[in-house]
1. In this structure, is E17 free of Cβ contacts under 8 Å to residues at least 40 places away in the same chain, more than 25 Å from I154 (Cα to Cα) and in a strand (DSSP E or B)?
2. Tell me yes or no: at least one residue of segment 5-14 is within 20 Å of P150 (Cβ to Cβ), of a type outside the set (F, W, Y) and either without any contact (Cβ under 8 Å) to a residue 24 or more places away in the chain or part of a strand (DSSP E or B) (or both).
3. I need a count of the residues in segment 100-115 that are charged (D, E, K, R) and not in a strand (DSSP E or B).
4. Looking at D26, is it touching an Asp or Glu at 6+ places or on another chain (Cβ under 9 Å) and surrounded by fewer than 16 Cβ atoms within 10 Å (Cβ to Cβ)?
5. Are any residues in segment 38-49 open to solvent by less than 40 Å² (accessible area, probe 1.4 Å) and within 16 Å of the chain's Cα centre (by Cα), and if so, which ones?
6. Applying the selection to segment 50-71, what residues are open to solvent by less than 40 Å² (accessible area, probe 1.4 Å) and either modelled with pLDDT of 95 or more or in contact with a Phe, Trp or Tyr (Cβ under 6 Å, 6 or more places away or on another chain) (or both)?
7. Do you know which residues across segment 116-174 are under 21 Å from E63 (Cβ atoms), in a loop (DSSP other than H, G, I, E, B) and among the polar types (S, T, N, Q)?
Amino acid sequence: LEFRRVLFRSADSANCEVVSIMDVPDAVSSFESVSADLASNSNLKYSTFAKGGQILRTDIQVEVNGEGAHCDLNGLALLTDESQYYGHTLVNHKVPGATSNQLYKNVLNGKARAEYNGLVTVFPKAHQTDSVQANRNLLVSDDARIFARPQLRIDADDVTCAHGSNTGQLSEEA
């Protein structure tokens, strides 16, 4: 069993890029918890790669507390056999003029299972928020399953927000 906790609290105009690799043996489970607090004009890019393992889980929470702040959250899970991956994200936009992008992709084979559960919350005074949340999934076998829940909660006017999920299989010809 592996467990990682990542804390990031930025100063104004700070930049941080993190790549997290969860490549573990089949009988091992790995859990990761990430908390970030973004100040004005700061940037965070957090990318997760998950492969192998019995159960893999990533929980990411970003508090956008500074105007002009930006975060990119990216994830890729390559699963086979009976591996399971759970990717959960929460981005809270609390101030105006901040942006966020999320892109999570899963490729599943065998009896693999994956879940993407993402929520972007735009608080009442967070006007001019620009947020995109996307989940793309490829099922290589008939027994693989994905559960996708991209969500938006918008309590402000004058925002640009989008979310979506696509899941598909390869054709016999491909």
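1. Criteria met by E17.
2. Looking for residues that are within 20 Å of P150 (Cβ to Cβ), of a type outside the set (F, W, Y) and either without any contact (Cβ under 8 Å) to a residue 24 or more places away in the chain or part of a strand (DSSP E or B) (or both), one finds none in segment 5-14, hence no.
3. 1
4. Considered against the rule, which asks whether it is touching an Asp or Glu at 6+ places or on another chain (Cβ under 9 Å) and surrounded by fewer than 16 Cβ atoms within 10 Å (Cβ to Cβ), D26 comes out as yes.
5. Answer for segment 38-49, where residues must be open to solvent by less than 40 Å² (accessible area, probe 1.4 Å) and within 16 Å of the chain's Cα centre (by Cα): L44, Y46, S47, T48.
6. Matches in segment 50-71: A50, L56, T58, I60, V62, E63, V64, G66, G68, A69, H70, C71.
7. Scanning segment 116-174 gives Q128, T129.
The values are calculated or read from the model by the stated rules, or taken from the named source; none is laboratory data. Every value quoted in this text rests on a predicted model; they were computed, and no experiment measured them. Neighbour counts run over all protein chains shown; Cβ positions are idealised from the backbone, glycine included. When the accessible area is computed, the model is the full protein with side chains, heavy atoms only, and any ligands, DNA or RNA have been set aside. Shrake-Rupley method; radii C 1.70, N 1.55, O 1.52, S 1.80 Å.
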